[in-house]
Amino acid sequence: MSASRRSFLQTISSLGVLGPLARIPAWAAGGELACDVAVIGGGTGGCAAALAACRAGMRVVMTEETGWIGGQLTSQAVPPDEHPWMENFGGTQAYRAYRQAVRDYYKANYPLSAAARFQPRLNPGGGSVSVLTHEPRVSLAVLEAMLQKYVSAGRLAVMLETRPVAADAAADRVRAVTVETAGARRTISAACFIDATETGELLPLSGTEFVTGFESRAQTGELHAPEIAQPHNHQAFTVCFALGHEEGASHVIDKPEEYAFWRDYIPRMTPAWPGRLLSWSMSDPITLKERKVFFDPTLRSRQAGLNLWIYRRIVQKELFEPGFCRSDVTLVNWPQNDYWLGNLYGGTTKDAALHLQRGRQLSLSLVYWMQTEAPRPDGGAGWPGLHLRPDVTGTPDGLAKYPYIRESRRIQAEFTVLEHHVGTEARMKLTGKPREEVSAESFKDSVGVGSYRIDLHPSSGGDNYIDVSSLPFQIPLGALIPKRVENLLPASKNLGVTHITNGCYRLHPVEWNIGESAGALAAHCVSSKLAPRQVRNTEKLLLEFQSRLAAQGVELEWPRLRPR
């Protein structure tokens, strides 16, 4: 065993890191922890990055701001949102293994009905948004199990409830990152750093050049970009929550402090929102005309129209043995609790805290409104039997541990994905081809694939939805490489995309692929003593790296598909 390997194992032992959820005790604070690859942020992309780097034999430290790894899949309480071909292709082998493990977990640990147990494509919640709507804690258990073998092997240390506070960077390299856990600080040094934080926290700390908000049309030439850049115009974030329902009971919460404001709030949007935010009417994301939805937790099947109760349902009680589940459970991530009155980054810490608190008040106000005033299909008002499920979210109040972040700081990259690379209408204009023949730009440096509409939620600058068709796309390696900094890679929504193209690169399987490819690239560069841009810009090295990705089950191109 090498001296550096022995030192790493001894350090992990001294920290008391016995598993992914182990916390670093206060007495272990101080000193420097050295590793090969440091993954700062333990969300969906961070977990995939750590898995890939560990798989390649690296010594890895992964930090996570909350007490749960997994990000969108767990602490943010957002079930997977995927393209329609995911069961067959269009995701990495590791992501498909994660998905299968979720289904296997239910079959091994839950009293499923006989019919559900033998469903090869079990959807535990029966939600309409996805074919795999399920509880955040199940994703947490699966991700922990996927990482545990590397913890046991001494390759991985996971630092929970830990956030980055400073970085030591010079000569186009990041040397170390200082992190804080319960007020105690520790320094992590590494050959390569991966920023997998939800808002690109390492970018300003390390001096890595980045952009935020809307770029201008003059900068990008995009069809849906504004004439003037708007760096403080960010997509809404959402404080999600879990709800159950008990018919005939009353679980009405205390009236939230800001309830009067949110009950009467009418969004000021361009184009206009159709009325109050807390209602069963909203802007249709595509046409921007009024769209009426309905909500009824008592209906047992999908009806015509969108029943928000079923939309992100994660527990469907009929799929389990009779009496096992008292009620369905649904996750609420709707337009009605999107918060766009301010941003979580780019301003002062005080401003961010205020907007997060107001976002929480909006979500609590939505709960109270549904319990007391929301119109019911039978002409009544309110469902007092609705109740928050803290056991599902792992929090005292039933709100998610962390807000769902749709848009991050984004690196100024060697290559930036633009709307005319992936947008259907933009590609048609660029190529002159009809819709049935057009395809996304082909990237010779592809390190993965993804597919989702360009789906931008209302923004803090007063813009309504931008939701337009896109084409199944590739993830170019150039979008993972900063223009200047040599040893920092993005692994979340902070890659080289624009405000517009972020709308289709931000979903669960794409974030996973970005993280997995970033982790594999970091490991490849550390072991080969190469810089990421060398790999991209040298044909032989690029082909070698792409071959490694393909051997690990990362798909680099799509079959011929129709636009979404």
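The values are calculated or read from the model by the stated rules, or taken from the named source; none is laboratory data. Quick caveat: nothing in here was measured; it's all calculated off a predicted structure. Every residue, glycine among them, receives a Cβ derived from its backbone with ideal geometry; neighbour counts consider all protein chains shown.
Rundown of residues vs (1) closer than 30 Å to Met86 by Cα; (2) in contact with a Lys or Arg (Cβ under 9 Å, 6 or more places away or on another chain), yes/no style:
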| residue | (1), (2) |
| --- | --- |
| His134 | yes, yes |
| Met146 | yes, no |
| Arg155 | no, yes |
| Met159 | no, yes |
| Val179 | no, yes |
| Ala184 | no, no |
| Thr187 | no, no |
For this session: Give the residue that is surrounded by the most Cβ atoms within 10 Å (Cβ to Cβ), with candidates limited to residues of region 217-232 that are of a type in the set (A, V, I, L, M, F, W, C) and either within 17 Å of Asp463 (Cβ to Cβ) or at pLDDT below 95 (or both).
Result: Ala225
Exercise. Just checking, how many residues over region 327-341 are assigned to a loop (DSSP other than H, G, I, E, B) and modelled with pLDDT of 95 or more?
Worked result: 5
Exercise. If you go through region 383-396, how many residues are part of a loop (DSSP other than H, G, I, E, B) and either among the aliphatic types (A, V, I, L, M) or touching a residue at least 60 places away in the same chain (Cβ under 8 Å) (or both)?
Worked result: 5
For this session: Provide a single number: the residues in region 135-193 that are closer than 24 Å to Ile481 by Cα and not in a strand (DSSP E or B).
Result: 2
Exercise. What strands (runs of 3 or more DSSP E) lie completely within region 209-315 and have 2 or more residues being among the basic types (Lys, Arg)?
Worked result: 290-292
Exercise. Pairs under 9 Å by beta carbon, first residue farther than 14 Å from Glu247 by Cα in region 297-311, partner surrounded by fewer than 20 Cβ atoms within 10 Å (Cβ to Cβ) and at pLDDT below 70, six or more apart or different chains?
Worked result: Ile310/Ser301; Ile310/Arg302; Ile310/Gln303
Seminar exercise, completed: When Phe118 is run through (1) out of contact with any helix residue (DSSP H, G or I) (no Cβ under 6 Å at 6 or more places or on another chain); (2) surrounded by 23 or more Cβ atoms within 10 Å (Cβ to Cβ); (3) modelled with pLDDT under 95, the failure sits at (2)
For this session: Would you be able to say whether some residue in region 433-456 is of a type in the set (A, V, I, L, M, F, W, C), surrounded by fewer than 19 Cβ atoms within 10 Å (Cβ to Cβ) and not in a helix (DSSP H, G or I)?
Result: no
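Conditions tested, residue by residue: (1) crowded, with 21+ Cβ neighbours inside 10 Å; (2) touching a strand residue (DSSP E or B) at 6+ places or on another chain (Cβ under 9 Å); (3) among the acidic types (Asp, Glu); (4) in the same structural domain as His251 (by TED's automatic domain parsing).
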{"position": "Trp369", "(1), (2), (3), (4)": "yes, no, no, yes"}
{"position": "Ala374", "(1), (2), (3), (4)": "no, yes, no, yes"}
{"position": "Asp378", "(1), (2), (3), (4)": "no, no, yes, yes"}
{"position": "Ala413", "(1), (2), (3), (4)": "yes, yes, no, no"}
For this session: Within region 518-536, track down each residue that is under 17 Å from Gly496 (Cβ atoms), assigned to a helix (DSSP H, G or I) and either free of Cβ contacts under 8 Å to residues at least 12 places away in the same chain or of a type in the set (A, V, I, L, M, F, W, C) (or both).
Result: Ala518, Leu521, Ala522, Val535
For this session: Check off (1) of a type outside the set (Ser, Thr, Tyr); (2) surrounded by fewer than 22 Cβ atoms within 10 Å (Cβ to Cβ); (3) outside any loop (DSSP other than H, G, I, E, B) for Gln72 and give me the number that stays unchecked.
Result: (2)
For this session: Among the residues of region 502-533, count how many are farther than 15 Å from Arg409 by Cβ, of a type in the set (Ser, Thr, Tyr) and in contact with a strand residue (DSSP E or B) (Cβ under 7 Å, 6 or more places away or on another chain).
Result: 1
Problem set entry | Of all residues making up region 272-304, the number that are at pLDDT below 95, over 27 Å from the mean Cα position of the chain (by Cα) and farther than 19 Å from Asp328 by Cα | 2
For this session: Only residues that are farther than 18 Å from Leu331 by Cβ, part of a helix (DSSP H, G or I) and of a type in the set (Gly, Ala, Ser): list them for region 362-382, please.
Result: none
Exercise. Looking at Leu556, is it in the same structural domain as Val449 (by TED's automatic domain parsing), surrounded by fewer than 24 Cβ atoms within 10 Å (Cβ to Cβ), closer than 22 Å to Cys47 by Cα and touching a residue at least 40 places away in the same chain (Cβ under 8 Å)?
Worked result: yes
Problem set entry | The one condition in (1) more than 30 Å from Val158 (Cα to Cα); (2) surrounded by fewer than 24 Cβ atoms within 10 Å (Cβ to Cβ) that Phe214 fails to fulfil | (2)
For this session: Please verify whether region 32-55 includes one or more residues that are on the phi < 0 side of the Ramachandran plot, part of a loop (DSSP other than H, G, I, E, B) and over 14 Å from the mean Cα position of the chain (by Cα).
Result: no
